[in-house]
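A short worksheet on the structure shown next.
Readers should treat all values here as calculations from the given coordinates under stated rules, not as data from a laboratory. Here the structure is a predicted model, which means the values were calculated and not measured. Note that we place each Cβ from the backbone using ideal geometry, even for glycine, and neighbour counts take in every protein chain shown.
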Amino acid sequence: MGGALVQSPFIKAVGFTGSQRGGRALFDLCAAREEPNPLFGELGSVNPMFLLPEALTLVVRISRAAGRLR
């Protein structure tokens, strides 16, 4: 699901809190886009980010489209 969000043309920046491995995977996807996205990563879970309702709506729509939510 994270890969689909990062690659969406509607997403202009990415925030991630988690492992270095996960952050690196998202960074590579961000950098590979035609219009690269900045990745704001906290790789160690010290400074978590909050997901605003508008972004959460997009996550749910993409998840449903991918068949992960019903």
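For residue 15, the residues whose amide H sits under 5 Å from its own are 40, ignoring neighbours fewer than 5 places away on the same chain, with H placed 1.01 Å from N. Per-residue packing, averaged as other Cβ atoms within 10 Å, sorts the ranges 10-23, 53-66 into the order 10-23, 53-66, beginning with the highest. Treating only the Cβ of Lys, Arg, Asp and Glu as charged (+1, +1, -1, -1), what charge dipole size does the chain show about its Cα centre? Round to the nearest 20 debye. It works out to roughly 320 debye.
Treating only the Cα positions of segment 2-65 as identical point scatterers, give the base-10 log of I(q)/I(0) from the Debye formula at each q in 0.14, 0.16, 0.27 Å⁻¹. Treating every Cα as an identical point scatterer, log10 I(q)/I(0) equals -0.39, -0.52, -1.26. Rounded to whole numbers, the Karplus 3J(HN,Hα) couplings from phi for segment 55-65 are 5, 4, 4, 5, 4, 5, 4, 5, 4, 5, 4 Hz, using 6.51 cos²θ - 1.76 cosθ + 1.60 with θ = phi - 60°, and x at Gly and Pro.
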